[in-house]
Amino acid sequence: MIFTFALSMCGCSSGAENVPGDDQIPVYYINNAETKTECYYIDAINDSPEAVIQKLLVLLGEKDPGARYKSPLAMGFKIVDYSLENDVLTINMDYDYKKLEFTTEVLVRAAIVRTLCGSGAVSGVYFTVMGEPLTDHSGFVIGEMNSGTFISNDGNEINTYEEADIRLYFASADGNNLISVYRNKFYSTSMPKERFIVDELIAGPSGIVEGLYPSVNPQTSVLNINTKDGVCYVNLSSDFLIPYGNVPTSVSVLAIVDSLCDLPAVDRVQIMVDGVVPETLESSYEKDERLVITLGQALAMTGSPEGN
């Protein structure tokens, strides 16, 4: 497990004379003042994704003999375990991780995620603390991260929140149809928009609008979610396969598929349960609005005066 790399002194934002070659990858550390990440380059690691991850995690935990920077995995906490699934790396930290100061913790995440995603070994990173999803300082589940999760603002890496207009598909009263509704809400860019959409579906309709019912079992948990080459891979807990009310699983599937396929980057959706595609589901789905009706039609079917 002990190995060394020759680190160049080039910063990632340095001038043209410091542009790395095609055979180099970036590794991020934290400056001694703990205000920003610093980038150094190493020779590319030609190995399996699992071996690359292992070597980079060891490297990120080695302290710099020259004290030029702080190593993100040498900040007083330990990695309990980690696993790779569908190009998404889940890193499970011990409880000491939660003792990090807010700004330091964000920088640690930024350094780890940028290094791993920059290596080509993973497309996203998901953090847990003793098996529980990591939350930010506002209590939001951070979810899967990639190199674009973090922004630089006057040298400080921070999380931001954006206003999103999304379209969600909820169930009709009889559970056999879907009604699309628009929802405007701020969400943390610490999580992918795909995760935000599925979380909102699981949370169900707000209750303000009559005629909308949950389209996904609210006990469902999102284990991870990742989009690659136009396919959104959604890994859910086994609760997803338990029909909620009178909504069959086939309708729940289309609620997720149609909601996610409204995103420009998503053409198809693959739904997994505990990491496996159930025999009752197809390998992937494209947008299918055959079950979609208007809210007025849904209310008319129930005999509501508002549907007339």
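Protection proxy ranking, highest mean first, for peptides 260-271, 109-120: 109-120, 260-271, where packing is the per-residue count of other beta-carbon atoms within 10 Å, averaged. Put a dot 7 Å past the Cα of residue 289, heading toward its Cβ, do the same for residue 99, and the two dots end up 5.4 nm apart.
Going by neighbour counts of Cβ atoms within 10 Å, the residues 196, 77 line up, fewest first, as 77, 196.
Each of 215, 147, 206 has some number of other Cβ atoms within 10 Å of its Cβ, and from fewest to most they run 206, 147, 215.
Using C-alpha pairs under 8 Å with a sequence gap of at least 6, the mean separation divided by the residue count of the range 23-66 gives a relative contact order of 32 percent. Normalised by the number of residues in the range 169-286, the average gap of Cα pairs under 8 Å and 6 or more apart makes the relative contact order 25 percent. Here the range 202-308 carries DSSP beta bridges of which approximately 60% are antiparallel, counting only pairs with both residues inside. Calculated FRET efficiency, residue 210 to residue 23, Cβ-Cβ distance, R0 = 45 Å: about 0.15 to the nearest 0.05. Per-residue Karplus couplings for the range 163-169, computed as 6.51 cos²θ - 1.76 cosθ + 1.60 with θ equal to phi - 60°, are listed in order as 8, 10, 9, 10, 10, 10, 10 Hz, Gly and Pro entered as x.
Suppose we keep just the DSSP beta bridges with both residues in the range 16-159; what percent of those would be antiparallel, to 5? The answer is about 80 percent antiparallel.
Placing a label point 7 Å from the Cα of residue 221 along the Cα-to-Cβ direction, the residues of the range 110-130 whose backbone N falls under 20 Å of that point are 125-130. Among the listed pairs 55/78; 36/98; 78/228; 193/287; 99/185, give every one whose C-alpha distance is greater than 26 Å. From 55/78; 36/98; 78/228; 193/287; 99/185, over 26 Å: 78/228; 99/185.
Take every Cα pair under 8 Å whose residues are at least 6 apart in sequence, average their separation, divide by the length of the range 16-159, and the relative contact order is 23 percent.
Please list the non-local residues whose amide H lies under 5 Å from the amide H of residue 236, H modeled 1.01 Å from N, same-chain partners needing a gap of 5 or more. Close amide H contacts, sequence-distant or interchain: 223, 272, 273, 274, 275. Would you tally the net charge around residue 194, using a Cβ to Cβ cut-off of less than 12 Å, leaving residue 194 out, and scoring K and R as +1, D and E as -1? Overall, the nearby charge balance is -1. Per-residue Karplus couplings for the range 246-251, computed as 6.51 cos²θ - 1.76 cosθ + 1.60 with θ equal to phi - 60°, are listed in order as 10, 8, x, 4, 4, 6 Hz, Gly and Pro entered as x.
Bear in mind these aren't lab numbers, they're just calculated from the coordinates by the rules spelled out. Everything quoted here is computed from the prediction, not taken from an experiment. We place every Cβ from the backbone using ideal geometry, glycine too, and count neighbours over all the protein chains shown.
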